[in-house]
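The values are calculated or read from the model by the stated rules, or taken from the named source; none is laboratory data. Owing to the predicted nature of the structure, the values given are computational and were not obtained by experimental measurement. Cβ: placed from backbone, ideal geometry, glycine included. Neighbour counts: every protein chain shown. With ligands, DNA and RNA removed, areas are computed over all heavy atoms of the protein, side chains included. Shrake-Rupley method; radii C 1.70, N 1.55, O 1.52, S 1.80 Å.
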Amino acid sequence: MKPWRTILILLVMTLLSGAVNAQSPVNRAGVVVRFGNGEVVTACITFNEPTISGLDLLERSGLPVISQQSSIGAAVCKIGRDGCDYPATSCFCARDQGRVVYWAFYRRENGAWRYSNLGASNVLVNDGDLHGWAWGPGDASGGAVPPDLELNDVCGQTAPLPTTVPTATIPTVAPKPTATITPTVMEAPTITTTRPTAPATVPRPSSPTAEAPTAPPITPISSPLPSPTSPSPTLPTITETATPTTARDGNGQWLGFLALAALLIMGIVVTLRRRNKG
């Protein structure tokens, strides 16, 4: 649905609601009934019509009512237990020492009861009206009088709704102080896990360039061989000084020993050859 259609529908509904409220105001009026034994019954009646008749107001009170129509309006013959059962009897069948006993009808005006010469059906009831009925002897000028009550005594202190709603002043509400709550953080417990001790690591050679232990110097060997005919030639003295060898690994010592052994063997071979030539 397009936005303008929605706005139009809402506007129409608002206007219709206002029209219904304007045509159906809530009105209220009161009724005071005094029976022959002095008992008083009151009723507060609300109605949506602009006006209703006095008879309608009495009948809406919930009390049983018997009435008779006449040229001046409806005459009330009986309310509740007091009165005459019209049309079985005359509406004014009750007498007291030659005087007619009937339901006298009043309207409350300026804080006093005013006797009504018109029948209740010909009297219009507006918002805030109060009617009174009393059973007792009387004549055309008046009869028994209802108790002295006002509309607030019947309907309470609630005033009728005003036609124009006054503009209400919205009080300024001071902001509430903001409470600062510092949460307390509890430290989590420290969990210590004991692991098994790992076996000691066998140290490896620190560096392939580590110096090998220095071999001790080798004492030169002089082996004079005796000759049967001539003095034995003196073998050349071979002095070998072991040169410190930097071993790159654990086999460096063995290589040094093998080299010395090879030199010794070569010297012996040379000596034997010279001896054979001589």
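What single numbered condition from (1) farther than 16 Å from Leu151 by Cβ; (2) open to solvent by 70 Å² or more (accessible area, probe 1.4 Å) fails to hold for Cys84? It fails just one condition, (2).
Within the set Trp113, Trp135, the sole residue that is touching an Asp or Glu at 6+ places or on another chain (Cβ under 6 Å), within 21 Å of Glu39 (Cα to Cα) and open to solvent by 40 Å² or more (accessible area, probe 1.4 Å) turns out to be Trp135. The condition of being out of contact with any Lys or Arg (no Cβ under 8 Å at 6 or more places or on another chain), open to solvent by 60 Å² or more (accessible area, probe 1.4 Å) and under 22 Å from Ala144 (Cβ atoms) holds for Asp96. Give the number of residues within region 67-81 that are among the hydrophobic types (A, V, I, L, M, F, W, C) and open to solvent by 80 Å² or more (accessible area, probe 1.4 Å). Counting residues in region 67-81 that are among the hydrophobic types (A, V, I, L, M, F, W, C) and open to solvent by 80 Å² or more (accessible area, probe 1.4 Å) gives 1. Would you call Gly62 open to solvent by 60 Å² or more (accessible area, probe 1.4 Å), farther than 19 Å from Gly132 by Cβ and not hydroxyl-bearing (Ser, Thr, Tyr)? Answer is no for this residue.
Of all the residues in region 116-132, those that are surrounded by fewer than 21 Cβ atoms within 10 Å (Cβ to Cβ) and in a strand (DSSP E or B) number 1. All conditions in (1) out of contact with any Gly (no Cβ under 7 Å at 6 or more places or on another chain); (2) of a type outside the set (Ser, Thr, Tyr); (3) under 25 Å from Ala29 (Cα atoms) hold for Cys93, with the sole exception of (3).
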